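The block underneath contains the structure these notes are about, expressed in structure tokens.
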Amino acid sequence: MQCSLKKLIVLSMTLLLSACNEGTDSVPQTTAKAPTEITNKQPAPPPTTRETAAPTTAQKASLDDPNVVVIVNGTPVTKPMYAAFHQQWRRARQGAKGDTPQEQMAILNELVNAILIVQNAEAQGFDKKPEVAELLNLLRIRALAEMSIANFVQQQQISDDDLKAFYDKRYGGKQQQEFKARHILLKSECDAKAVIKELDGGADFTELAKTRSTGPSASQGGDLGWFDSTQMVKPFAEAVMAMENGAHSTAPVKTQFGWHVILREDAREASPPALEDVQNALMDGKRRELVMSYLTELRKKADIQVRPPAQKSGDINTTTSKP
């Protein structure tokens, strides 16, 4: 049962989290109940309000409607629905185009299969189960939030002057320091202290990293290469900056990834990158900044009430605050 629910959730997420506003995906053109080939690989034109409206009880789905691709037990699959599913298919396959007739038909069959599973689940009352209903509601919230944020970002006009100002704010045209370091990532503070004790006793850092580290750099002896402080999480960066070249951590460093033992190997002064070389990263950073400002304003206007944690006996403080 748990496996079935997970599959239903994945399929639901595929449908709900699709971004339909990109009109570059090919839509299979068909008028047959069981299509066998795709005859038109051109992107579908943007649908009108009339085209996207769901059929009412008095308006039965029909393949005579040019916006309908296929009908599954009376449920129409429209061009926008297919385009959304097509986009998610491409994302799941890391850039696959899915524009050949065979791929398009395979994608359409996947969508039909998903609808059949959902129809069967609804017939069994799965959508009425409290836990499923809550998950569907969360998926809806997430889909609307992601689409709303995407729409907000698209509406923002970021000029060359905005990017230059953001570049100056981040880099300031000054020399910056880079560090070369290794680390050993461990699951607990106790494990990290044990490693530090071994290092204090003369153990080789690189060899310990290979055998003890749980991080992806373990096979390279914990080597992180050259980086600046903005590329690492704050506790890690602060620890590295406070160390001397050739020194290892005297105390474990905790981040969201675990407990680190760090070896600072070297440091150097480096010129900031040219604006042209980091333009895409700057654009992403500026967009994130705009989104955070947007969310901050929303939270300021919101009435957010949080249930306080359980109070200890005799504690009458029940003040609530925004998270």
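Note on Phe227 and Ser159: the extension gain reaches 21.6 nm, defined as 0.36 nm multiplied by sequence separation minus the Cα-Cα distance. Estimated at 0.36 nm per residue, the fully extended path between Lys193 and Glu207 surpasses their Cα-Cα distance by 3.4 nm.
With the simple spin-label model, which puts each label point 7 Å out from Cα in the Cβ direction, the Lys234 to Asp277 separation comes to 2.8 nm. Once the Cα-Cα distance is subtracted from the 0.36 nm per residue extended length, the Gln256 to Glu269 segment shows a gain of 1.8 nm. Projected label points at Leu63 and Val306, each 7 Å from Cα along the beta carbon direction, are separated by 5.6 nanometres.
Legend: ranking of residues Lys286, Lys254 from fewest to most surrounding C-beta atoms inside 10 Å; resulting order Lys254, Lys286.
Lysine pairs in region 174-270 whose alpha-carbon atoms fall under 22 angstrom of each other, counting only those eight or more residues apart or on distinct chains, come to 15. Evaluated over the Cα positions of region 236-283, the convex hull gives a direction-averaged projected area, one quarter of its surface, of 4.9 nm². Per residue, the convex hull spanned by the alpha carbons of region 174-270 comes to 84 Å³. Most exposed first by the Cβ proxy, i.e. fewest other Cβ within 10 Å, how do Thr255, Thr100 rank? Placing the least packed residue first, the sequence is Thr100, Thr255.
Read-outs throughout are calculated quantities, based only on the coordinates presented, and are distinct from any laboratory measurement. Since the structure is predicted, the reported quantities are computational estimates derived from the model, not experimental observations. Every residue, glycine as well, gets a Cβ built from its backbone with ideal geometry; the counts of neighbours run over all protein chains shown.
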